[in-house]
Amino acid sequence: MAQAQRSFLPLTGAVFAVLFVASFFAGGDIPGADDPGGEVLSFYTDNQSVVMVGSVMVAIAAVFFLFFVGHVRSFLRAAEGSPGTLSAVAAGGGIVAATGLLIFAGIGFTLSESIEGFEPATAQALNALNANFFFPLAGGIATFLLATGLVAMRTKALPAWLAWLAIVIAVLAFSPLGFFAFLGSILWVLVVSIVLWTKQSAPVAPPT
């Protein structure tokens, strides 16, 4: 009997995590939301190339994250059964989170690519958005993790500690620890990506 081969689709979550972390090093430490426009202009002028590269990496990471969300949705739907409400909510949250990533990527790319034509006030306003426009990302990640954690708790589709961790990170997403919760969510995606990949049936050699 033919044995199903391993799918590499679960590992798109790991690719997302690696790309996103790498984008931090590529994009540099952006100015704060309250920094003067002159400093913002100076930073993006001096770091134009690296910020553009970092923004592109974030955009690519968002695409891989969407593939991971699609796989998680199918995995949860099979465990949850009909009507699959929570798995659908998880997928919706993942889509919103990817949209938030693409917004950050778009603002960062705009700042770096067009910085020569900006007045200090314009650059300062866009930089403030780039620093603080996190609600789509935070809301999407919190929804994705909370719904996934609830399904995993009910169905044992994932180890209990991963289910509980997803719920805790989701609750912390809008707290003063939100930034650290987001970093935790990236680590969670990396671990779950590997767990889902290893849960597949290992391929076997065809009979002679």
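The values are calculated or read from the model by the stated rules, or taken from the named source; none is laboratory data. Since this is a predicted model, take the numbers as computed values, not measurements. Quick reminder, even Gly has a Cβ in these numbers, built from the backbone with ideal geometry, and neighbours come from all protein chains shown.
The condition of being under 21 Å from residue 131 (Cα atoms), buried (at least 19 other Cβ atoms within 10 Å of the Cβ) and out of contact with any helix residue (DSSP H, G or I) (no Cβ under 7 Å at 6 or more places or on another chain) holds for only one of 24, 43, that being 43.
Would you say residue 102 is touching a helix residue (DSSP H, G or I) at 6+ places or on another chain (Cβ under 9 Å), crowded, with 21+ Cβ neighbours inside 10 Å and not charged (D, E, K, R)? Against the criterion (touching a helix residue (DSSP H, G or I) at 6+ places or on another chain (Cβ under 9 Å), crowded, with 21+ Cβ neighbours inside 10 Å and not charged (D, E, K, R)), residue 102 does not qualify. Going through (1) surrounded by fewer than 19 Cβ atoms within 10 Å (Cβ to Cβ); (2) over 14 Å from the mean Cα position of the chain (by Cα); (3) aliphatic (A, V, I, L, M) one by one, residue 60 falls short only on (2). For segment 20-41, the condition of being among the acidic types (Asp, Glu), under 23 Å from residue 184 (Cα atoms) and not in a helix (DSSP H, G or I) holds for at least one residue. Of all positions in segment 140-147, at least one carries a residue that is surrounded by 14 or more Cβ atoms within 10 Å (Cβ to Cβ), more than 25 Å from residue 57 (Cα to Cα) and at pLDDT 95 or above. Residues of segment 179-191 that are out of contact with any Leu (no Cβ under 6 Å at 6 or more places or on another chain), crowded, with 16+ Cβ neighbours inside 10 Å and either β-branched (Val, Ile, Thr) or more than 18 Å from residue 68 (Cα to Cα) (or both): 186, 189, 191. A single entry from 69, 96, 51 fulfils the requirement of being over 23 Å from residue 159 (Cα atoms), under 11 Å from the mean Cα position of the chain (by Cα) and assigned to a helix (DSSP H, G or I): 96. Give me the pairs, please: first residue somewhere in segment 185-196 and closer than 16 Å to residue 147 by Cβ, second residue anywhere and at pLDDT 95 or above and aromatic (Phe, Trp, Tyr), beta-carbon distance under 7 Å, and either six or more positions apart or on two chains. Close Cβ pairs (under 7 Å, with a partner that is at pLDDT 95 or above and aromatic (Phe, Trp, Tyr)) amount to 189/16; 189/68.
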